[in-house]
Amino acid sequence: MPDTSPTPETRKLSYGEAVNAALHRLMEELPETLVYGEDVGVPGGVFGVTRGLRKQHGDRAFDTPISESAILGSAVGAAMMGRRPIVEIMWADFSLVALDQIVNQAANVRYVSGGRLRAPLTIRTQQGNAPGACAQHSQCLEALFLHVPGLRVCMPSTPQDAYDLLVTAVHSDDPVLVIENRTLYFGAKEEVVVGGPVLPMGGVRERHAGSDATVVTWGSITHRAVEAAEALAREGIGLHVIETPWLNPFDTGTVIASARRTGRLAVVHEANVTGGFGAEVVARVAGAGVTLQAPPIRVGAPDVRMPAAPTLAQVLVPDADRIAGEVRALVRGGSR
Amino acid sequence: MPDTSPTPETRKLSYGEAVNAALHRLMEELPETLVYGEDVGVPGGVFGVTRGLRKQHGDRAFDTPISESAILGSAVGAAMMGRRPIVEIMWADFSLVALDQIVNQAANVRYVSGGRLRAPLTIRTQQGNAPGACAQHSQCLEALFLHVPGLRVCMPSTPQDAYDLLVTAVHSDDPVLVIENRTLYFGAKEEVVVGGPVLPMGGVRERHAGSDATVVTWGSITHRAVEAAEALAREGIGLHVIETPWLNPFDTGTVIASARRTGRLAVVHEANVTGGFGAEVVARVAGAGVTLQAPPIRVGAPDVRMPAAPTLAQVLVPDADRIAGEVRALVRGGSR
Amino acid sequence: MSERRLADLQAMWRIRAFEEKVRDLRAEGPIVGSVHLCIGQEAIAVGACDVLEPEDALFATYRGHGWAIARGVPLEPLFAELMGRANGVNGGRGGSAYFTAAEYGFHGENSIVGGGAPIACGAALAGRFDGSGRSAVTVFGDGAMNQGAVHEAMNFASAFDLPVVFICENNRYSELTPIADMVRGSRLADRAAAYGMPGHRIDGNDAESVRFHVRDALEIAREGGGPTLLECMTERLVGHYIGDAENYRRPGEMDRIRRREPIARLRQALLADGVPAGEIDAVEAGARAEIEAAAAAALTAPFADPATAREHLYA
Amino acid sequence: MSERRLADLQAMWRIRAFEEKVRDLRAEGPIVGSVHLCIGQEAIAVGACDVLEPEDALFATYRGHGWAIARGVPLEPLFAELMGRANGVNGGRGGSAYFTAAEYGFHGENSIVGGGAPIACGAALAGRFDGSGRSAVTVFGDGAMNQGAVHEAMNFASAFDLPVVFICENNRYSELTPIADMVRGSRLADRAAAYGMPGHRIDGNDAESVRFHVRDALEIAREGGGPTLLECMTERLVGHYIGDAENYRRPGEMDRIRRREPIARLRQALLADGVPAGEIDAVEAGARAEIEAAAAAALTAPFADPATAREHLYA
Ligand SMILES: Cc1ncc(C[n+]2csc(CCOP(=O)(O)OP(=O)(O)O)c2C)c(N)n1
Ligand SMILES: Cc1ncc(C[n+]2csc(CCOP(=O)(O)OP(=O)(O)O)c2C)c(N)n1
Ligand SMILES: [Mg+2]
Ligand SMILES: [Mg+2]
């Protein structure tokens, strides 16, 4: 593949614009990419994230019928044949009408063929609650995908990661799920380095320094966790906030090292607690024999469905206050 | 509802026959039950488990097209209208073509309607590896369902539980997933009390007594865990094997009490480890502040797809030897 | 004739005025989140619900306010639902896109495209055993015709002769994408033949035509003849959701839509019948007054109580 | 004519002898697990694969051994795959129901009913961009016609004029249930009209007829005319899977099937052509010898090495 990547430059981009910039770059540097999904072609996406691709790249960006099995399945087939499809599932909730194509099909291609075939497709989706959203448009489903060997999964929370992770995902020779968040698309513009090298998968982001407790988090709630850390810092409690934008592969080592150092662990995610990936993080730290000064905690949505009414959803989706409160108790409570 | 339940009696039944007996009883005592799915009517099921229902109850037991969304969705609709459909998804893997109807539909009915509607459907399925089975017919997917608030989930491993849990499930006013196992259907006949009272959901089965370590397990691998416990008992290592046939609701208290007593915890499941429900069990015990003498372990399939070749699958699906080995190391290793 | 037309007009105005009020309330703040209005499509709900029996079950989509209203769900609890109030039909849990009001035979919106079709089959199936004589109606858009679950539902209903009426509201767009670009051949009703069931493309902007065809379909269904697919041709006067920039509209498209839309058309027909303009306009005024009162009442209701947020997950 | 018929006979015998050997090996132990034989259905694979180009992609089901053989996958690695040997086409990872051999244009079996149809669309879509001129063929059973993913795939292919041939092997049963009871109207080919594509019900027990129709469909596909649905009528001479008690068979059914099955029919035709019985029988003998040798070789191969069980999950 010729090196068509432009020299890195810095641009002020919102999260949604960063995704868009990554898509433009990828379609330019990888002729085998295709971008498709419902409303992603001519309309440029319901969130405007695929804007301009159709104009720039013609048939390589297109709209599809409302047929998630056909979208995902065709992406598997095109990927097996050497394309790099980047398909969109408008809401992660909708993947459930076609999960077979992700779990039973895409995830098996390489392993079952003994490496003779591969499925380098990227599935972009977005998830989570937003004010007024109903139970069918609010779920955080990363834990489902993280239980499936053969899939890579990431959840960018900043414009820079929205750009970088997508570039890495599309360059990967394996199926990758990039879970974005619609409450971030139209956020503040930030400086984003575009056109840089393709980064390896994995790694963490240290979002706040501190030595009183380790907070592991991912996705848009990272911002709430950082707010909580800032609030607690003013009270003299120092949180080491580790964002893990890559969940598969997951950088267990860094998490364990931090937990060992701080002696306290909180995992924060928007998904409901039971069976969430927070359990996996806690289990890995416990399994590594880290001695904690207090039992680890998980901060997430309680195990209910998501109601549309904001007054109800508000008390379910963790916010900075609740995170701060629970982590404060973790730290102040001392060892049990 | 009139009390049509016969007086309890004891019969020698295999696991599959016990399911069948429960279905016969349920169709007799609950006129609102329907039993349907692919090949479940006239043929009596690919595993013979629904035999005789069609003959006995006519139209209330029937075959369907190969349309999992229609099967599950119609069960949701019929349940909303007061029926108690008992539908079969032949393999848990196949639920992935129609997961929407379970997660986005069935699980929401009661909560979103504020309790005005309910969806008392029972989904019977079976899962897991069997010799020669391919990656699309081998998955253990309970963790996916256990992350979904609004669903009840159980996994019977004995003829008695196959009978009892199904009876409880169908009497429940909520959607319940009963995950059976095809390697058990044709196992040895055991004494089964049929026609007894409808038991409440939840609870555990103590499958082996011991005080050196707590082993929490569910599903068919329970038998391997018990074998391992018997082998270790001969070496002087006593395992407290707790089977949790009900995973939602899950009896956390009993598990924690045992772990506190033995000071060691192993969770054994057939599903692959990462994101498995074992993580949840470990996280709950850790979160409860139980002081363990050694880090908790999880014994499960490694994070790969399932190969058809028996020589390959054998080293992936945990057997009694591997369980015994890992738990022996847990106990002998002492505290780290 | 004029009487029925006036009744249809009134029913349609109640829906349109409701939707317009919802649009205002969404702009002003009391309603939050994604809202899909049915402005322009009112005739389908009005014609269809007029011939439904109380025991029949109706399954709609996120674009379902009009169907709920036509089914008789009272306006205040509907507004309250959209505003997240305690007295909403589901105490605010469903919101604009996913509420139910089974007491009124409205078995719910659905925010998964096509998700309601298999569920409707189950409601019809239940009717075979519970002696209710129930038929089921499921409503979805043109885009939903390409969803696997809808296909499965149509086959399931026809294989088992279930009393289901599949109502496809063909408003020519699946969100922002013309359905014509997403299928070969534009007559979705013809797909009914694949399942051996009757299928008709009908004028969805004429409540009387919808009434006729739905009644006919229900008669077939009740006689054991199984399902029917009705493709009701219509158009949105508004965007897919509130906030849709509607960039996909072609020149002249909105003019044409406005000329064809059901309320303007019915107004013309009533004038031609000789009904005085004042009487016609009074219908609108009456509907608007009713809507304003209901919205105002809902606005004073308490919000859903956070203390109840975890209730009703399990029995 | 006789020459082609003899070639077809040979191709069919290779498949049948393979399947019969698989049945024996499954009974004797070297093959374990669920196995779905295509005995009686060989003419479809033979006729279709004869007109596929090397660049075309073929997606089959769990009942796919015959398709792989017809596509030219060598016999020994096939047997080895079913026996879990290291030299199997996928080193034993796929097994009987889920192997691939892309080097031979066999892009895999699939054990999810209907799962391969959308994937085939993607292979065809890729061909639009990679200059390969590839068409895709997807094979599935009558029962799969009721699966949502197949519907979505058919619409997707026809909306986008993708070069896909949908081959439905209608063997009258979906596992143990007659397809006639699971659909209204028994002509599945007619469903093609729903997608605006050609659909034909053809004699699936006649390789020549299959050849003609698949070639025709491929020509349409390559010229940009999009997909075709071929409903190939056939019957299983065996159960759905090895071990199926076949309780669903009606009186006289097996006799009728045996009279119609493709190999017996072709034998009659060849005799009528004047081909000496000895020459015809030699074809069978030759195929059996080839199969025996391949099976014997596979039986001596080492089992898949457990040390490799975790390899190839990720790049
Ligand atoms: C399974 C699924 N896929 C995608 C969506 C997103 N979505 C919501 S409405 C819609 C368009 C539906 O179009 P149509 O069926 O024509 O109904 P209309 O909105 O025009 O009434 C889409 C794609 C969804 N809700 N569910
Ligand atoms: C989605 C899904 N549902 C159910 C099954 C179980 N199953 C395997 S084969 C089969 C019957 C398929 O019938 P048909 O499509 O006619 O193909 P045939 O086996 O007759 O070739 C069924 C129901 C499956 N593998 N996948
Ligand atoms: Mg539409
Ligand atoms: Mg068949």
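Descriptive notes on the structure:
- Rel. contact order, % - alpha carbon contacts under 8 angstrom, at least six apart, the range C:67-205: 15 percent
- Chain C, relative contact order [Cα under 8 Å, separation at least 6], %: 24 percent
- The mean number of partner chain beta-carbon atoms within 10 angstrom of a residue's beta-carbon across peptide B:125-136 is 6.
- Other protein chain C-beta atoms within 10 Å of residue C-beta, averaged over D:104-117: 6.
- Other-chain or far-sequence residues with amide H under 5 Å of D:V164's (modelled H): D:A136, D:T228
- Counted over chain D, the DSSP beta bridges are approximately 15% antiparallel.
- Within the range B:205-332, percent of DSSP bridges classed antiparallel, to nearest 5: 20 percent
- Angle in degrees between helix B:221-234 and the longest Cα principal axis of chain B, rounded to the nearest 10: 30 degrees
- From most to least packed by mean Cβ count within 10 Å, the peptides D:16-28, D:80-92 give D:80-92, D:16-28.
- Only one residue of D:T228, D:L270, D:P302 has its Cα farthest out toward the positive end of the dipole of the range D:221-315, where Lys and Arg carry +1 and Asp and Glu -1 on Cβ, and that residue is D:T228.
- Among beta bridges that DSSP assigns inside the range B:10-194, antiparallel share in %, nearest 5: 15 percent
- Taking amide H atoms as placed 1.01 Å from N in the peptide plane, the amide H of B:G187 lies under 5 Å from those of B:Y15, B:G16, each 5 or more residues away in sequence or on another chain.
- Per-residue mean of foreign Cβ neighbours for A:139-152 is 6 (Cβ atoms of other chains, 10 Å radius).
- Rounded to the nearest whole Hz, the Karplus-based 3J(HN,Hα) values (6.51 cos²θ - 1.76 cosθ + 1.60, θ = phi - 60°) of the range A:295-307 follow the sequence x, x, 10, 10, 10, x, 5, x, 7, 9, 6, 9, x, with x at glycine and proline.
- Spin-label pair B:E28-D:R258: with each label point 7 Å from Cα along the Cα-Cβ axis, the two points sit 4.3 nm from one another.
- Efficiency of FRET from Cβ geometry, A:Q293 and B:R234, R₀ 25 Å, rounded to 0.05: 0.05
- Scoring A:47-56, A:127-136 by mean Cβ neighbours within 10 Å over their residues and listing the highest first yields A:127-136, A:47-56.
- Chain D Cβ-axis minimum, rotational copy C, residue and distance in Å: D:G148, 1
- Backbone N atoms of the range C:40-62 closer than 16 Å to the 7 Å Cα→Cβ label point of C:R23 belong to residues C:40-43.
- Note on chain B: with a GNM built from Cα contacts shorter than 10 Å, the maximum mean-square fluctuation among B:A320, B:A225, B:A21 falls on B:A320.
- Here's the picture: a label point sits 7 Å out from the Cα of D:D181 along the beta-carbon direction, and within the range D:249-270 the residues with their amide nitrogen under 18 Å of it are D:249-254.
- Residues in the range C:220-230 carry Karplus couplings, in order, of 4, 4, 5, 7, x, x, x, x, 9, 10, 10 Hz; the curve used is 6.51 cos²θ - 1.76 cosθ + 1.60 with θ = phi - 60°, and Gly or Pro positions show x.
- Relative contact order, percent, the range C:130-251 [alpha-carbon distance under 8 Å, six or more residues apart]: 32 percent
- Amide H partners (placed H, <5 Å) of A:V153, local residues excluded: A:L177, A:L247, A:N248
- Amide N proximity, the range D:79-112 versus D:T300 label position 7 Å along Cα-to-Cβ, cut-off under 19 Å: D:79-89
- Across the range C:249-260, rounded Karplus estimates of 3J(HN,Hα) from the backbone phi angles (6.51 cos²θ - 1.76 cosθ + 1.60, θ = phi - 60°) give 5, 8, x, x, 4, 5, 4, 4, 4, 5, 5, 8 Hz, Gly and Pro being marked x.
- Highest GNM mean-square fluctuation among D:Y195, D:Y248, D:Y104, for chain D modelled with Cα contacts below 10 Å: D:Y248.
- Peptides C:95-102, B:311-318 ordered by packing proxy, namely the average of other Cβ atoms within 10 Å per residue, highest first: C:95-102, B:311-318.
- Nearest-20 debye value, chain A charge dipole, Cβ charges on Lys, Arg, Asp, Glu: 560 debye
- In whole percents, the pair-distance distribution calculated for the range A:10-194 from its alpha-carbon pairs, binned every 10 Å from zero, is 10, 40, 38, 11, 1.
- Dipole magnitude of chain D, debye to nearest 20 (Cβ charges: Lys/Arg +1, Asp/Glu -1, about Cα centre): 540 debye
Every number here is computed from the coordinates shown, using simple stated rules; none is lab data. Given the structure is predicted, the values throughout are model-derived calculations rather than measurements. Glycine also receives a Cβ, built like all others from the backbone with ideal geometry; neighbour counts cover every protein chain displayed.
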